[in-house]
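The values are calculated or read from the model by the stated rules, or taken from the named source; none is laboratory data. Just so you know, these numbers come straight off a predicted model, no measurement behind them. Using ideal geometry, Cβ is built from the backbone for each residue, glycine included, and neighbour counts are taken over all protein chains shown. All accessible areas refer to the heavy atoms of the entire protein, side chains included, with ligands and DNA or RNA removed. Shrake-Rupley method; radii C 1.70, N 1.55, O 1.52, S 1.80 Å.
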Amino acid sequence: MKSQPVFELDDIAVYFEKHAVSQRSLRHMLGTLTGRNGQEYFHALRDIRLTIGPGEHIGLIGRNGAGKSTLLRVLSRVITPREGHVYVRPDLHIVPLLELGIGFQPDLTGRENCFLAGLLMGYSESQIEARIDGIRTFSELGEYFDEPVKNYSSGMYARLAFALATDVEPEVLLIDEVFGVGDEFFMRKCVIRMQRLMESGRTTVLVSHNLDFLVMHCDRLIWLDQGRMMMDGEPAKVAAEYRGSGGQ
């Protein structure tokens, strides 16, 4: 029996309205008054067809602005496409790590934010309590773990978010470029933890500029350029074509 996919995207398009001329220009004001000002759109994604099965590890590559983060937000249901259909398997626990620390409450401590975020992810208080020491240790925040996060540096904020998101060990993990977190030692810890999560059979979709890591650990690479899917296939082959095009 064929496994039910985790994600299926059918002919997805994501685009945003933009104005052809400055809002301060006379031409724009006249157009607004007459109802004639033309609308232009920036296409972040177009014609995307994609299926991701359970346990697959997918790397998204491309230059800045290629649509990688937008695609990750579609999978996490943060963005609804203008066109096409998105299927997300409903019985799986999906944790998106899109912007490290997004959603943290500044006046709450690191510990309190872990409990709040964990509850919002669907975990019980006792489940979070059982993991809280591990999160604190991995984040290396020490006494700052019980300080309000508004006093954190950006690096401390990011370390706490990564420690939390990866310690709860979801069935599906969506990650947007997290290997720049902290110093070199902490980055190595992040890479090791990601390796362990991927080896445990969880479905992962990664956006990263660490192409060597993606080639080594992913089942497929998807190369995006200007919102279009250029290639979807065996990591070494896709990486070679990407590099040959002038990518990193």
Taking the stretch 142-153 and keeping residues open to solvent by 10 Å² or more (accessible area, probe 1.4 Å) and free of Cβ contacts under 8 Å to residues at least 40 places away in the same chain leaves Gly142, Glu143, Tyr144, Asp146, Glu147, Asn151, Ser153
Does at least one position in the stretch 233-240 carry a residue that is open to solvent by less than 30 Å² (accessible area, probe 1.4 Å), free of Cβ contacts under 8 Å to residues at least 24 places away in the same chain and out of contact with any Ser or Thr (no Cβ under 9 Å at 6 or more places or on another chain)? yes
Among strands (runs of 3 or more DSSP E) entirely inside the stretch 178-248, those with 1 or more residues being farther than 22 Å from Ala44 by Cα and touching a strand residue (DSSP E or B) at 6+ places or on another chain (Cβ under 9 Å) are 203-207
For the stretch 66-73, indicate whether the set of residues that are touching a Ser or Thr at 6+ places or on another chain (Cβ under 6 Å), under 30 Å from Glu234 (Cβ atoms), in contact (Cβ under 8 Å) with a residue 12 or more places away in the chain and not polar (S, T, N, Q) is non-empty.
no
task = For the stretch 65-79, state whether one or more residues are part of a loop (DSSP other than H, G, I, E, B) and in contact with a Lys or Arg (Cβ under 7 Å, 6 or more places away or on another chain).
result = yes
Item to complete: Evaluate the stretch 110-117: report whether one residue or more is under 26 Å from Gly55 (Cα atoms), open to solvent by 10 Å² or more (accessible area, probe 1.4 Å) and at pLDDT below 90.
Response: yes
Can you say whether Ser245 is buried (at least 16 other Cβ atoms within 10 Å of the Cβ) and either in contact with a Leu (Cβ under 6 Å, 6 or more places away or on another chain) or over 18 Å from Leu97 (Cβ atoms) (or both), as far as the supplied structure shows?
no
Looking at His217, is it under 19 Å from the mean Cα position of the chain (by Cα) and over 18 Å from Leu71 (Cα atoms)? yes
Picked from the stretch 121-153 (must be among the β-branched types (Val, Ile, Thr) and in contact with a Phe, Trp or Tyr (Cβ under 9 Å, 6 or more places away or on another chain)), the residue nearest to Arg193 (Cα to Cα) is Ile135
Within the stretch 155-169, the residues that are of a type outside the set (A, V, I, L, M, F, W, C) and modelled with pLDDT of 80 or more are Gly155, Tyr157, Arg159, Thr166, Asp167
Filtering the stretch 154-186 for residues that are over 26 Å from Ser124 (Cβ atoms) and open to solvent by 60 Å² or more (accessible area, probe 1.4 Å) leaves a count of 6
